[in-house]
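Okay, so here's the structure we're looking at.
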Amino acid sequence: MRHFIISLGILCGIVTYLPGQDTMSDSLSEQLIISATKLATPLKASTKPINVITREEIERSGQTTLATLLHQQTGLIVNGSTSNPSRNQTIYLQGARAEHTLILIDGMPVKDPSAIGGTFDLRALSLQGVERVEILKGSQSTLYGSEAIAGVINIITQQGSDAPVTVTGHAAGGSYDSYTQQVGVHGTLDRFDYRANISWDQSAGISEALDETGTGGFDEDGFEQRNMDFRSAYRFSDATSLSAFSRLGSYDARYDDGSYTDGTNRYESSYYTIGSQLQHEGDRFRGLVQYNYTDTERQFESMWGITPYDAGHHQIEALGAYDVSSSVNLTIGTSYQDYSISDVPDKSNTLWGLYSNLLFTPVSAWTVQAGVRYNDHSTYGTNSTYELSTKYDLTEGWYIMGGYSTGFKAPQLAQLFGPFGANPELVPEESRYIYGGWGYTTGGLTASLQYFDRSVDDLIDYVSDPVTFEGGYVNISRQDDQGLELSLDYRSSVWSAGLGFEYLTGQTVVVNADDSETVTSEDLLRRPKSRITAHVQYQAADDLHIRLSSQRLGEREDLFFNSTTFATDAKTLDVYQTWDLQLGYQIYDDLYSYINVNNLFDATYEEVAGYSVLGRNLRVGIRFNIQ
């Protein structure tokens, strides 16, 4: 705690003094984002809470995986991000379930219909070649359909450079026999631009399961990840372009039998994605037609044998946006999705949606966004969602924003027709979300405060009889969340600093057959009520920067299977705090080096009951960018 208080004191001093302010925040507010409306829109015009992580911030953060980068963001926890690298990584966006956050790459969803909840394995995605990440909070189902109950995370990859050929590379090594290698090439040739990238990561890791006695001789559980992607685009004119892309990756890891229990199990997964986008950016009309297909294969090897999974997901979407006047923009779109899994070879889920979105600026300081969506599902039938949000600029630099939206998540194919506990009578999980807040942006300083309240009804859970052990999937529970988020950021040519605070409370309620309710959990498992994040970065010289960051997480409740008593036990996980240090040095204009020391003070804690976390670890690397 002493270290954290000192850091906060330094940070508050920096933010109060504000040396050498410039217009960095103003330029950021002019940055174009995609996620809020599905088409390029200035960040300052967004009526919704959104975080943007730029390429510079990714490189300066010292984080080497997508999970650890996301875990630094206010309102977003990736459970397992500081555990052994082979450990499952679970996204909790503003406290919601992992399956309620939609992952996008370049605006298109990546899904695994065979996984629990349909979530895509975050460990399979590499941070190499990522240009920026947009995190859009709140129910976004009106624009994005199923799964976007908590929000969307849009991973935007690098495009072709201005030069004909640019070669990039990254090599790093560190503790636990961890290594990263990446090489890529991108460029522009007249109307044609291209990008190709290949990366490889591996680590011997530590034991996934926690050896409480230190005498169990638990073995290491390592991983190996490979990724390759290619994108090309052709501009027919300044307004119209056609692009095509392909990605493929594999992930191979070892995992243990369970909490506090060693094992020699193996997990393998692979995926590939192909797709295309046709875009038009006219003076008053903008259009987009896109298609993508994702195929995933997973296999678990354990004492119980080999369990394979294979799944596919198609999506095609078309939308058009028209400037009715200088203050009114209308977007109309439609999408069609098809889900398939090997467990149910003779069936598939299809989901068709039709949506509209209105962006209205009655006066220059006031923006209103409203939308509605109609969905038609092949099994449960139809449902609809809607949203209304607004932002108002009070005086120079100050603004208020708020909104109300509904969301949904369609039942998974395995839940409807799979071999274990299938229930074709399932209905979609449905949510309502309300938020409000204010913000301030001037010079190099930005500040925001947001309150949100979300409720998700008809949650689908697997329920079994304790005597016969027979069970199945049912719409049985509800999750209620309320939270408060505070964020302060300061940037100048020499200093940058950030402070984030979040408070989350929630409960899970089971709705009984007689419509009475039973509270099953007063706290959200593995999610702290409070978290503080902070960082300070100093440009010590033109070619040298130093960054110190920290996180402090409050107590969390967890459940784990006790392999001795064969019962499910509860455990309160202690408060913990970690510190990370990074030194970066620009050797030449095209060559950058860094040293990261994560968990600087070697904190010991549990992210998940019965599983290990990484101790103090070192990583040294170089990046180059040659034109």
What's the ranking of 534-544, 148-158 by average number of surrounding C-beta atoms within 10 Å, highest first? 148-158, 534-544
Let me have the relative contact order for the chain, percent, based on Cα pairs under 8 Å that are six or more residues apart. 12 percent
Quick one: 3J(HN,Hα) in Hz for region 516-524, Karplus 6.51/-1.76/1.60 with θ = phi - 60°, rounded, Gly and Pro as x. 6, 10, 10, 6, 9, 7, 7, 10, 8
Could you run the Karplus curve 6.51 cos²θ - 1.76 cosθ + 1.60 with θ = phi - 60° over region 239-246 and give me ³J(HN,Hα) per residue in whole Hz, x for Gly and Pro? 9, 10, 9, 10, 10, 9, 8, 8
Which Cα, out of 464, 505, 477, lies furthest along the positive dipole direction of region 464-526 (beta carbon charges, K/R +1, D/E -1)? 505
If amide H atoms are modeled at 1.01 Å from N in the peptide plane, then the residues at a separation of 5 or more from residue 576, or on another chain, having amide H under 5 Å from its own are 553
Over its alpha-carbon atoms, region 338-428 yields an Rg and a Dmax in Å of 19.5, 60
Ordering 491, 623 by accessible area with a probe of 1.4 Å, largest first, what comes out? 491, 623
Interchain or sequence-distant (5+) residues whose placed amide H lies within less than 5 Å of the amide H of residue 379 are 350
In the chain, lysine pairs closer than 17 Å at Cα, eight or more apart or cross-chain: 10
With x for Gly and Pro, the residue-by-residue ³J(HN,Hα) of region 574-588, computed from phi through the Karplus equation 6.51 cos²θ - 1.76 cosθ + 1.60 at θ = phi - 60° and given in whole Hz, is 5, 4, 9, 9, 10, 10, 10, 10, 9, 10, x, 9, 8, 5, 9
Contour minus end-to-end for residue 334 and residue 595, with contour as 0.36 nm per residue of separation and end-to-end as the Cα-Cα distance? 89.2 nm
Search the structure for amide H atoms under 5 Å from the amide H of residue 616, placed 1.01 Å from N in the peptide plane, and list their residues when 5 or more places away or on another chain. 602
The chain: radius of gyration over Cα atoms, expressed as a fraction of 2.2 N^0.38 Å: 0.94
If you bin every alpha carbon distance in region 57-106 into 5 Å steps from zero, what whole percent lands in each bin? 5, 21, 27, 26, 18, 4
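The values are calculated or read from the model by the stated rules, or taken from the named source; none is laboratory data. Since this is a predicted model, take the numbers as computed values, not measurements. Positions of Cβ are generated from backbone atoms using ideal geometry, with glycine treated the same way; all protein chains shown enter the neighbour counts. Remember, those area values only see protein heavy atoms, side chains included, never the ligands or the DNA or RNA. Shrake-Rupley method; radii C 1.70, N 1.55, O 1.52, S 1.80 Å.
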